[in-house]
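Trainee: Could you have a look at this structure, given as structure tokens, before my questions?
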Amino acid sequence: MATTPTEVSVARGLLDREDLLQLLDRAVTKRVTVISAPPGSGKTSLLRAWADRPTHLRCVAFVSVDRDQQNAQRFWCAVLDAIRSPAGSIDPETQPAATAALDDDQVVDRVLSGLAEQVQPAVLVIDDLHELRSADALAQLAHVLASLPSSARVVLSSRRDPPIRLHQLRLADEVTEIRAADLRFTERETRELLVESAITLSDAGAAALHQRTEGWAAGLRLAVISLSGHPDPERFVAEFSGGDRAVGEYLLAEMLEHQPSEVQRMLLRTSLVDRMNGELADLLAGRSGSEQMLLELEEANAFVVSLDPQRTWFRYHQLLADFLRLELRRTLADEVSDLHRRAARWFADHGDVVEAVRHTLAAGDWPDAARLVAEHSFRWVLDGQSGTIDAVLQAFPEGASADHPDLALAHAASELNHGRLEEAAAQLALAESHVPSAPPARRRRLTVAIASLRLALARRSGQFSEVIEQVNLLEASIADESSEPLAMGSELRAVALLNLGIVETWSRRFDDAERHLSEGAALAQAIGRPYLEVACRAHQVFPTTLVSLATARARGRQAVALAERYGLGDRPILAPALGAVAFWAIWMGAFDEGESALRRAWEVAEPQIDPAAAVLLHMVTGQLHAARGRHQAALEAFAAGAQAQSLLTGVHALATPVVGWLAATQARLRMPDEARETLIGFPAEPGRMGLSFIYNARAVICMVEGDPAGALDVLRDVPDVTPPTGPAFTLVETHLLAGLAHLHLGDRVAAAAAAEAALVAAEPDRLIFPFAMTQAAELLDALPRHETAHGALLADIVDVLRGESAPSTERERGSQREELSPSELRVLRYLPTNLTRPEIARELFVSINTVNTHIRNIYSKLGARDRSSAVQHARELRLVSTARS
């Protein structure tokens, strides 16, 4: 029996694929190996290479089934001859007369005997089994497999799973299967094949060739043949498709011509869609039963791939799809436009607007495609579907937006998503030029859509004052009487609240931002707009008069979790929430957690990130570097934050910290003149906190120049910086700088008092970052441990300054019966020390009876019997430090 010519010609010149040979070595440890893959997958070449390997461990009998073999006796005689002459098959035309005279059962018995009589373990390889059309021969083969001698093995190679029941052998774990996925060339093997064939191709070109062929051996080999001596290999690969003459001839001869006419008709008419199910295939083929055909083609390894576990959606191999589309245009050109229209209607009815637009354009119906965009573009903007907008616009010819305002709006949204603000403004102006001539029903929708995008553009551009103006315009448009659906007004209001709240957040109007963002998030949730909801929640991450730092930190994490639940965890709008998670983690000394969140924030941020959000991310990056003593890296990050701030028309909430820390870092790097230049003329926002950042920076400059007394003079001029509400961010730093100045002047008593004051300010929110940034270890050494009322926090700070991880600040209070009061917490933090109850009373300036009452309450609430168990339980709940006090 001759080997299939096509398989040999395709196989010739392919790599020696050692991994596959080893896979087959492992496979034949089982009684039966089934190799099932499409034509040209390299089945025969693999088997020939494996059979020809020099070995003393097996005897290989190789049989290739003749095309359309229907004679069972001829098949079995060939098998028996191969077993008798394992070095090569004997042509059945010349088989001995004695063999030809045997009946089928006798031949089968001879086959089993021949396998058992081999001196070495025998492996019977039957290639091209799909060509065996004899039901008797297949039934007898099943009997052979069930009765194999213990030392014998059988390898069956076919284009489709053999119609033999193997369930008993599978149940006994005696079947190994090698399929198309195992035979595909990897990208690495594709590169090796090109090298072996002396073809020079770039890495991108090799990757593209692998992607186009999907690792199909025949496709790669045919491409390599064409590439040999080609004057422009890169261009060839870029244009390589199933329309290539050699590939087309192969697919026509080995696949399409083997199919019945009704299957050919279905394949041609469905080839113009990238994916299909039975319903769509029936619509395009103009007949029923397409799903059954697709299932059978997939089972036959006929270059049809199922896309879901239920096998309801299918696609064709890329090269087959290319070839079929070419054949469709060649044989049924007059039907192509109508087929595209059918596909467009079906996809539009099933909510896949991108495919609907693509097929509408392919049918030449440009106005209908523009109408589809008009109906859906605003929804894409609201849902943050930037990829969808880009995909739709790529289908239109360049300059198409000049004739249709909705395309201009979609282009504006796309440019905005990519941070190309000038281009977005130009597209919005183009859309506005169409408003006067639009029908009344369309005019209002255009107007409010333009206003919403202008609002986003103003925010992205840092034009805070213009945002307020655009919000007023949008509110007025929504309030106008109209027949538009109520949902549209709700969507636009949610957009307005989102952008207004973001601007208020970055303008330090946190209470206003809290109100508007909460309302926007609730409205977005009510109308089913998860992207808008996540965008609102991502900016509710700063303390207000009603929201504590701990709550703000928790909100950042909740916003990230919400985005992930909606599948929006990679969207740029999440960057502020991740930045805030990092921000608060760093403030509390959890630098590793902060670094992780910050890295992810930069990963999701767009290349052209909003300048307002950029200020946050750059500042947090600087904080992380400063906390770890990397001052040069901190300087670069703070400088980038200051540059981002300069792009805003309004003062950013974090502008003063960025500038203050930039100047302080310059001073610490022995650049006092540059530090002064940074501070000169900077318009610190009014209020205690803004001024204190500037004063603290000036104090650092004095310290670096060897003037601690001058630093104290500067710090005495700081206004009352005790915040009326919220964390004492700058107050901690101010006390630490004062303490360091006292220490340099030799006044250890004043230094210790300043250190204690810093701990007092830091305690409520565990503000550890200022101690790391100011490198306060020496100052804390001046504070006797037994004299502080904040021993637990002090121990945690010392651990962080030594480079150890900060203890978790998450308080797992599930087992705690009742929250401790602030007074009880103050007493609790003395319990890990050696102070007696009278000594604790003196430290807190309260009576011994008050201390006793608080301790009884602490024991009761923690479920403790004594001081030791109370401390242990408090440590488990993270109420006191886990470090040794």
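Trainee: FRET efficiency for Glu804 and Arg599, Cβ-Cβ distance as r, R0 = 25 Å, nearest 0.05?
Mentor: Values: r = 21 Å, r/R0 = 0.85.
About 0.75, to the nearest 0.05.
Trainee: Treating the angle as unsigned and between 0 and 90°, give the value, to the nearest 10°, between the Cα long axis of helix 261-270 and the longest Cα principal axis of the chain.
Mentor: Result, in degrees: 20.
Trainee: Order the peptides 120-128, 256-264 from the highest to the lowest mean number of other Cβ atoms within 10 Å of their residues.
Mentor: The packing order, highest mean first, is 120-128, 256-264.
Trainee: What's the Cα-based Rg to Rh of segment 579-797, Rh via Kirkwood?
Mentor: In segment 579-797, Rg relative to Rh is 0.96.
Trainee: If you don't mind, there's one more thing I want to ask. When the C-alpha atoms of segment 143-214 are aligned to their principal axes, what extent does each axis show, in angstrom, from largest down?
Mentor: 53, 22, 18
Trainee: What is the packing order of peptides 405-416, 166-177, 198-209, taking the mean over residues of other C-beta atoms within 10 Å and listing the highest first?
Mentor: Values: 405-416: 25.6, 166-177: 14.2, 198-209: 15.8.
Going from most to least packed, we get 405-416, 198-209, 166-177.
Trainee: I would also like to ask the following. In degrees, nearest 10, range 0 to 90: what is the angle between the Cα axis of helix 486-506 and the longest Cα principal axis of the chain?
Mentor: Orientation of helix 486-506: about 50 degrees from the principal axis.
Trainee: How far, in nm, would the chain grow between Leu171 and Arg84 when pulled straight, counting 0.36 nm per residue and subtracting the alpha carbon separation?
Mentor: Difference between extended and current length: 28.2 nm.
Trainee: Run the accessible area of the chain with a 1.4 Å probe and give the carbon-and-sulfur part as a rounded percent.
Mentor: Taking all protein chains in place, the chain shows 50 percent carbon and sulfur surface.
Trainee: How much accessible area per residue does segment 18-183 have, in Å², with a 1.4 Å probe?
Mentor: Accessible area per residue: 45 Å².
Trainee: Then there's this: If I model a spin label at Ala238 and Gln394 as a point 7 Å from the Cα along the Cα→Cβ vector, what separation in nanometres do I get?
Mentor: Rounded to a tenth, the inter-label distance reads 1.6 nm.
Trainee: Would you calculate a helix-derived [θ] at 222 nm for the chain, using -39,500 (n - 2.57) for each DSSP H run of n ≥ 4 and dividing by the full residue count, to the nearest 500?
Mentor: It comes out at -19000 deg cm²/dmol, rounded to the nearest 500.
Trainee: A further question follows. When you count, for each residue, the other Cβ atoms within 10 Å and take the mean per peptide, how do 357-369, 858-870 rank with the highest first?
Mentor: Details: 357-369: 19.5, 858-870: 15.4.
Per-residue Cβ counts within 10 Å, averaged per peptide and sorted highest first, yield 357-369, 858-870.
Trainee: What is the angle, in °, between the Cα long axis of helix 405-417 and the longest principal axis of the Cα atoms in the chain? Nearest 10 is fine, range 0 to 90.
Mentor: For 405-417 against the chain, the angle is about 70 degrees.
Trainee: Give the ranking of Lys30, Lys43 by solvent-accessible surface, highest area first, calculated with a 1.4 Å probe.
Mentor: Lys30, Lys43
Trainee: Right, another one. Using Stokes-Einstein with the Kirkwood hydrodynamic radius over Cα pairs, what translational diffusion coefficient do you get for segment 811-876 at 4 °C and a viscosity of 1.567 mPa s, in µm²/s rounded to a whole number? Let's see the in-between values first.
Mentor: On the way: Rh = 11.9 Å.
Rounded, D is 109 µm²/s.
Trainee: If I model a spin label as a point 7 Å beyond the Cα along the Cα-Cβ vector, how far apart are those points for Val846 and Leu647 in nm?
Mentor: So the two model labels end up 5.2 nm from each other.
Trainee: Points 7 angstrom from Cα along the Cβ direction at Leu21 and Arg676: gap in nanometres?
Mentor: Result: 7.8 nm between the two label points.
Trainee: Continuing with the same structure: Dimensions of segment 18-183 along principal axes (Cα, Å, largest first)?
Mentor: Principal-axis extents of segment 18-183 (Cα, largest first): 43, 33, 31 Å.
Trainee: Let me cross-check Arg748: its accessible surface, 1.4 Å probe, with only protein heavy atoms counted, in Å² to the nearest 10?
Mentor: Counting only protein heavy atoms, Arg748 exposes about 130 Å² to solvent.
Trainee: Length gain on complete extension for the stretch His230 to Val119, per 0.36 nm per residue less the alpha carbon to alpha carbon distance?
Mentor: Gain in length upon complete extension: 34.8 nm.
Trainee: Return the long-range amide H neighbours of Ile178 (sequence gap of 5 or more, or a different chain), with a cut-off of under 5 Å between placed amide H atoms.
Mentor: Amide H to amide H, under 5 Å and 5 or more residues apart or across chains, Ile178 pairs with Val34, Ile35, Ser36.
Trainee: Taking 8 Å as the Cα distance limit and 6 or more residues as the minimum spacing, I'd like the relative contact order of segment 579-797 as a percentage.
Mentor: 16 percent
Trainee: Continuing with this model, one more query. Give, as a single signed number, the net charge of other residues whose beta carbon lies under 14 Å from the beta carbon of Arg842, with Lys and Arg counted +1 and Asp and Glu -1.
Mentor: -1
Trainee: I've got another one for you. Could you pull out every residue, at least 5 positions away or on a different chain, whose amide H is within less than 5 Å of the one on Arg508? Hs are placed 1.01 Å off N in the peptide plane, and Pro or chain starts have none.
Mentor: Hits under the 5 Å cutoff: Ala653.
Trainee: Here are a few candidate values for log10 I(q)/I(0) by the Debye sum over Cα atoms at q = 0.06, 0.09, 0.10 Å⁻¹: [x] -0.58, -1.01, -1.15; [y] -0.67, -1.00, -1.08; [z] -0.48, -0.96, -1.12. Which one was actually calculated from the structure I just gave you?
Mentor: The calculated read-out lines up with [y].
Trainee: I want to make sure I understand the PRE zone here: with the label point 7 angstrom from the Cα of Arg179 toward its beta carbon, which residues in segment 131-170 have backbone N atoms less than 17 Å away?
Mentor: It comes to 156-164, 166-167, 170, nothing else.
Trainee: Another question about this same structure. Tell me, Kirkwood radius of segment 187-257 from alpha-carbon pair distances, in Å?
Mentor: Value: 12.2 Å, from the Cα pair sum.
The values are calculated or read from the model by the stated rules, or taken from the named source; none is laboratory data. The model shown is predicted, which means the values in this text are computed figures rather than measured ones. Positions of Cβ are backbone-derived with ideal geometry, glycine not excepted, and every protein chain shown enters the neighbour counts. These accessible areas exclude ligands, DNA and RNA; they are computed on the full protein's heavy atoms, side chains included. Shrake-Rupley method; radii C 1.70, N 1.55, O 1.52, S 1.80 Å.
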